[in-house]
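The values are calculated or read from the model by the stated rules, or taken from the named source; none is laboratory data. For clarity, every value in this text was computed on a predicted model and none was experimentally measured. Glycine also receives a Cβ, built like all others from the backbone with ideal geometry; neighbour counts cover every protein chain displayed.
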Amino acid sequence: MNESAPGTGGGYEGEILAASSPGAGQIEIDMIVVSIDGVELGRVKAVRETDFLLDRPVARDLYVPYRAVMAMPNPGDRVRGGPLQPAEVMLNVSAGHLDDQGFEHA
């Protein structure tokens with residue numbers, strides 16, 4: 001059978017990623033970053049080997065480790081027909097607790 005399994009790009013949207021799954025190959029500059037409670041935090045400004053730089057419009061920028069990423073859109077969904085929607089990276093922390101995580105400031 002040619003059915004796609006979860007995590008193989010076969011039509012599963014917003015699936016939960018394993019803690020070690022996201023990384024520099026999946027996070028792209030200008031992706032929207034949201035908290036677990038749905039608050040838009042900013043955009044990806046730069047990508048490094050173990051984290052990415054979150055550009056926050058009204059607060060100091062933060063380097064967010066990939067272990068804090070809870071979910072991302074399925075990459076296969078971004079290349080299908082129709083206009084591309086901005087991709088979101090969802091963190092496993094609420095907006096109100098982001099600054100309490102001890103993430104490195106830029």
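Observations, loosely collected:
- Single residue of segment 26-54 satisfying the filter (closer than 11 Å to residue 66 by Cα and in a loop (DSSP other than H, G, I, E, B)) that is modelled with the lowest pLDDT: 26
- Residues that are aliphatic (A, V, I, L, M) and surrounded by 10 or more Cβ atoms within 10 Å (Cβ to Cβ) were ranked within segment 75-106; the one that is modelled with the lowest pLDDT is 87.
- For segment 56-66, the criterion of being outside any strand (DSSP E or B) and buried (at least 19 other Cβ atoms within 10 Å of the Cβ) is met by at least one residue.
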